[in-house]
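Derivation of every value follows stated rules applied to the coordinates shown; laboratory data play no part. Predicted, not measured: the structure shown is a model, and the values here were computed from it. Here Cβ is always computed from backbone atoms with ideal geometry, including for glycine, and neighbour counts include all displayed protein chains.
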Amino acid sequence: EKYCLVSLPLYPDKQDCVDYTPSLPGMRYLLPAERTLLGASFLPSKGKEAWRQIGLLYQAWQRGVNIARTLRDDAADTIVGCSGDLLDLPAAWVASRLLARRFFVHFFDDYTEQWWADPHLRVFAGRVESRILGDAVKILVTNEYMQAEIASRHGRSSEIIRNPCQPGQLPAALERFPAESGEVRLVFTGAVYHLNFDILRAIVCALAMVEGVTHRLHIYTAQSKEQLEAEGLTGPHVAIHGHVTPEEAADIQRSADILLIPFSFHEDAKGIIRTAATAKLADY
C-alpha cells in the first residue's frame, strides 16, 4: 500500500516469461504505447538528427501525460523516475509537474554516459539530465562513484541505496580448481551488448591460444545465439546458453572457475564503466 509501479509492458513480445526475473509485488499500472513521428527520410543528416530528438521529446511528453493520467486518483505523493530507459526519466518529471507531486531521481545507470556509443544521443541525454535534476527533491544512486559524479556534474548531493545481494546464507565455498573435472569454465551471466562485445571477442581469441587445458567461455543471456555469433562470439571455446532464473544464475556463478564482468576498453566508454562497475558486484 506504500508504493505502486508504472511502466510499459515488460515483455510485450514474450508469450511466456517464466524464465525472466519476476516483477515487484506492488500495484502495477501499465501504460499505452506512444505515437512516433515519421517523415524524416527527405531531410539531410543534421535535419534527421534534430527530427529524431524532437520525436524523443514528443514520446517523453506522451509518456509523462499517460503517467499523470494513471496516477491522477492515486494517493502517491512522490514520483520516482528511474534511469535505464531513455524516456522514463523525463516522462516521470513531466508527470510530477502535471500532478504537482515530489520528484525523485534514481540512477541505476549513468543516464548521460550510458549512451556513449551514440554521441548525439549522449549530448541530448546530458541536456535532459541537467534540466530535470534541478527539480529533483532527492537523488538516489547505487555507489560512491555515481555519487561523486552527480556532485561534480550538478553540484547536488545524493543518497546511496546499494543493489541487494541474494538473502540467506551462501553454501560453503568451492575450493577445487577446476570446480568440475575436465574443463575450466569462464562464465558471464547477463545481457551482452556494445559494452561487452570487444572484451568477449578478445577472451575468445585468447582462449584459442591457450594449449594443454580444456577451457570454455559460457554465456548465459537472453540474447539469441545467432546475434552473438554475428558479433564473433563463436567457436569451439564458446558455449551460449539461454536466460536462467536468478536462483539458477547464483548457482552457475558459484560453480564457475572464472567469473567475468567484461567492460569495454573503448575510450568513450570510460564514464559509464566508472560508475557502473561497482553496481554490478552485488550479483557476484
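Here's how it looks for Val6: its modeled amide H is under 5 Å from those of Tyr29, which are all 5 or more places away or on a different chain.
Net charge of the neighbourhood of Pro32, taken over other residues with C-beta under 12 Å away and scored Lys/Arg +1, Asp/Glu -1, is +2. Could you work out the local net charge near Arg72, counting Lys and Arg as +1, Asp and Glu as -1, over the other residues with Cβ closer than 14 Å to its Cβ? Around Arg72, the surrounding residues sum to 0. Answer rounded, prolate or oblate for the stretch 157-216, using the Cα gyration tensor with square roots of eigenvalues a ≥ b ≥ c: rounded when a/c is under 1.5, else prolate when a/b is larger than b/c, else oblate. It comes out oblate by the Cα gyration axes. Helix 197-209 and the longest principal axis of the C-alpha atoms of the chain enclose an angle of approximately 0°. Loop-located chymotrypsin sites (Phe, Trp or Tyr not before Pro) in the stretch 25-54 (DSSP state not H, G, I, E or B) with no more than 13 neighbouring Cβ atoms inside 10 Å: Phe42. Simple spin-label estimate for Leu174 and Ala50 gives 5.8 nm between the two label positions (7 Å along the Cα-to-Cβ direction from each Cα). Placing one equal scatterer on every Cα of the chain and applying the Debye formula, the log10 ratio I(q)/I(0) at q = 0.08, 0.12, 0.13 Å⁻¹ is -0.43, -0.94, -1.08. For Val238, the residues whose amide H sits under 5 Å from its own are Leu217, ignoring neighbours fewer than 5 places away on the same chain, with H placed 1.01 Å from N.
Every helix of 4 or more DSSP H residues in the chain counts as -39500 (n - 2.57), and over all residues that averages to -11500 deg cm²/dmol at 222 nm. Compute the FRET efficiency between His194 and Asp73 as 1/(1 + (r/R0)^6), taking r as their Cβ-Cβ distance and R0 = 41 Å, and round to the nearest 0.05. Once rounded, the FRET efficiency stands at 0.50. Comparing Ala222, Ala206, Ala172 in a Gaussian network model of the chain where C-alpha atoms under 10 Å apart are linked, the largest mean-square fluctuation is found at Ala172.
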